[in-house]
Amino acid sequence: MSNVKLIVTFENGKRYEIDASIIAKHRADYFAKKHPEEGPYQTVFRKEYKFALSDDYELTDWASNNMNWSDVQAHAKELPPIEGEGLDWTNADKEIVRD
């Protein structure tokens, strides 16, 4: 699978790159625990992890609506900033980059 990153641009212009696997793991763990009827934890986790990494909308939606900046901050690599005004994780611009 390609190298997938989430690029987040806050209103204050600060930009960060986050390995999308952090988001995919967070989501996969949630679904593997929530739906044990779908199979063993590892089986459900792998299926959901793979799905999340293949779907740009799912990654950005999950990050915005089910995670906080504190969940990813330790994994974020700061990029050169652009001009802006504030810091709001939920409404920050999020872009998936694949290489």
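Only the coordinates and a few stated rules stand behind these numbers; no lab work does. The shown structure was predicted, so the numbers you read here are calculated from the model rather than taken from an experiment. With ideal geometry, Cβ positions are generated from the backbone for all residues, glycine too; neighbour counts draw on all protein chains shown.
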Identify all residues within segment 38-75 that are over 10 Å from the mean Cα position of the chain (by Cα), assigned to a helix (DSSP H, G or I) and small (Gly, Ala, Ser); write none if there are none.
Ser54, Ser70, Ala74
Just one listed residue, out of Ala52, Ala32, Ala92, is touching a Phe, Trp or Tyr at 6+ places or on another chain (Cβ under 6 Å) and more than 18 Å from Gly13 (Cα to Cα), and it is Ala32
In segment 8-28, the residues that are under 12 Å from Val72 (Cβ atoms) and not in a helix (DSSP H, G or I):
Val8, Tyr16, Glu17, Ile18, Asp19
Would you mind stating whether Ile22 is touching a residue at least 40 places away in the same chain (Cβ under 8 Å), in contact with a strand residue (DSSP E or B) (Cβ under 7 Å, 6 or more places away or on another chain) and not polar (S, T, N, Q)?
no
Which of the residues spanning segment 20-40 are surrounded by 14 or more Cβ atoms within 10 Å (Cβ to Cβ) and either in contact with a helix residue (DSSP H, G or I) (Cβ under 6 Å, 6 or more places away or on another chain) or under 14 Å from Thr60 (Cβ atoms) (or both)?
Ala20, Ile22, Ile23, Ala24, His26, Arg27, Ala28, Phe31, Ala32
Would you confirm whether any residue within segment 79-91 is surrounded by 15 or more Cβ atoms within 10 Å (Cβ to Cβ) and part of a loop (DSSP other than H, G, I, E, B)?
yes
